[in-house]
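Worksheet: the structure to be examined is printed underneath.
What follows is calculated from the coordinates using simple rules that are stated; it is not laboratory data. Since we're looking at a predicted model, the values are computed, not measured. Don't worry about glycine lacking a Cβ; one is built from the backbone with ideal geometry, like all the others, and counts go over all protein chains shown.
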Amino acid sequence: DIQLTQSPSSMSASLGDRVSLTCQSSQGIGNYLSWYQHKPGKPPKPMIYYATNLADGVPSRFSGSRSGSDYSLTISSLESEDTAIYYCLQYDEYPLTFGSGTKLEIK
Amino acid sequence: QVSLKESGPGILQPFQTLSLTCSFSGFSLGTSNMGVGWIRQTSGKGLEYLATIWWDDDKYFNPSLNSRLTVSKDTSNNQAFLKITSVDTADTGTYYCTQTVYGGYRPFDYWGQGVMVTVSS
């Protein structure tokens with residue numbers, strides 16, 4: 001199975017900060033990586049698909065990038081509503097696998 | 001407008017079989033390339049992919065639970081089903097069904113609200 005390693009596992013940042021979350025794949029998956037925002041009591045919300053594409057309705061302060069087998073989700077200016085757990089998902093091959101998540105909190 | 005909703009027993013005992021239903025609208029499993037995926041979040045853990053059933057009745061299961069999983073569909077009634085046999089406390093969590101498109105760039109765009117399942121004696 002493809003392993004996705006997310007870092008950090010948790011972090012806190014201040015409103016307005018630029019925040020980057022990382023997801024590293026154990027093997028090549030091309031751009032077949034997506035990001036989800038998960039808040040308590042709600043289903044995961046797609047944020048980025050195919051590594052760099054913004055999902056429908058997602059604010060433009062979110063962006064995705066790739067460098068080799070390292071993928072990043074960046075929030076350009078943190079807002080209070082961005083508090084959540086963020087998961088990456090690889091869909092290059094079965095079984096699809098999620099990273100373990102990054103818990104993002106506001107200081 | 002795509003919409004999905006999961007339903008299930010809520011509570012069951014160890015060694016019982018968990019049966020979940022996903023009722024959906026806005027797409028059909030009779031349409032080429034459409035699928036329904038199942039994902040769960042178990043207590044204290046993150047998200048885990050379970051299975052997918054496709055329009056052509058092809059299926060994929062996560063090998064970690066392969067022998068315990070069954071997926072099926074009722075195309076006429078826009079429903080998909082997940083069964084997990086011989087549950088234990090580790091299966092306690094929230095179960096989601098999702099729409100998925102074969103070969104698409106967006107793996108899981110639409111999700112149900114999730115159904116909570118508790119396994120307890």
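General observations
- Qualifying lysines (Cα of each under 24 Å from Cα of A:Lys42; at least 8 residues distant if same chain): A:Lys103, A:Lys107, B:Lys5, B:Lys45, B:Lys83
- For region A:17-63, diffusion coefficient by Stokes-Einstein and Kirkwood Rh (Cα), 20 °C, 1.002 mPa s, µm²/s: 179
- The alpha carbons of chain A stretch over 36, 24, 22 Å along the principal axes, in descending order.
- Three semi-axes describe the equivalent ellipsoid of region B:1-86; taken as square roots of 5 times the Cα gyration tensor eigenvalues and ordered largest first, they are 22, 14, 13 Å.
- Distance from region B:89-121 to region A:35-104 (C-alpha centre basis), Å: 17
- Built from the Cα atoms of the protein assembly as shown, the convex hull projects on average onto 12.0 nm², one quarter of its surface area.
- Rg/Rh for region B:72-112, where both radii come from Cα atoms and Rh is the Kirkwood radius: 1.05
- Within a straight-line Cα-Cα reach of under 16 Å, B:Lys59 can be paired with the following aspartates and glutamates, leaving aside sequence neighbours fewer than 8 residues apart in one chain: A:Glu93, B:Asp74.
- Computed about its Cα centre, the charge dipole of chain B is approximately 120 debye, with only Lys, Arg, Asp and Glu carrying charge at their Cβ.
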